[in-house]
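Read the structure below first, then the notes.
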Amino acid sequence: KYIKDKDATFEQIDEYANKPKDYKLQVEDILYVKITSTNKEINEYFNLNNNNTSNNTTNSNFYLDGFTVNDSGYVQIPVLGSIKVLGFNMNEVSELFEERTNKHLNNAIVNVKLVSFYLTFLGEVNSQGRITVMQDDINILDAVALAGGVSDYGDKRNVLVVRKTHNGTKTFHVDLTDRQLLLSDKFYLLPNDMVIVEPLRNKTFRMSIVDYTIILTTVTSTITMILLILSL
């Protein structure tokens, strides 16, 4: 079962659980940018690629038509030019784009989204691999559910999260059965996190019991059939 600890109150959970950490953009992140105004021609110019993307939205479309943060921390936007976004959260990036857009257009509406929100699941989950998160934030319980949940041999108390940072990589462990997790800054995942569910310590023993049970059942059935035939 998930979330067993009864020490925390729901009042505390409501207060803290709805505060995901601000993700700071990193190199190779991909942004979706849509700019609309009262000028139709300018709209078409700004959103040529995005119009194509809206007709068939896939990960490959975002990769090809989105705006990637280069090694210097900038994205190159038509007309707006080069804008530094490295180290900024999405609210700050939206403000930067609006400020730059207002220099060229009046009453323009800017929509900026992070479309490279990927999570990777390994270990004892029912569906290993990389998933795409099509929302601004996600907590670890919802993310595990998208991966099919923890398998019968997975240790919910021992989940390793590997997180890429500006300074390298950091890791931490999460106990999915601890209610205090809802109060923790580990509750929300960030883009490009890798989640590894460790196996239970007795996984090998439990699997051996299943194997031996199958073998014993097969042998018993075979002996029974032989004895039945011989008795005829």
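Where a number appears in this text, it was derived from the coordinates with a stated rule and is not lab data. Computed from a predicted model, the values in this text were never measured in an experiment. Don't worry about glycine lacking a Cβ; one is built from the backbone with ideal geometry, like all the others, and counts go over all protein chains shown.
Things to note:
- Residues of the stretch 145-184 with amide N under 19 Å of the 7 Å Cα→Cβ point at Q128: 145-163
- Sorted fewest first by neighbouring Cβ atoms within 10 angstrom, F88, F172, F121 come out as F172, F88, F121.
- Calculated FRET efficiency for the pair N39/R157, C-beta based, R₀ 45 Å, to 0.05: 0.20
- Listing L189, L105, L141 from fewest to most neighbouring C-beta atoms within 10 Å gives L141, L105, L189.
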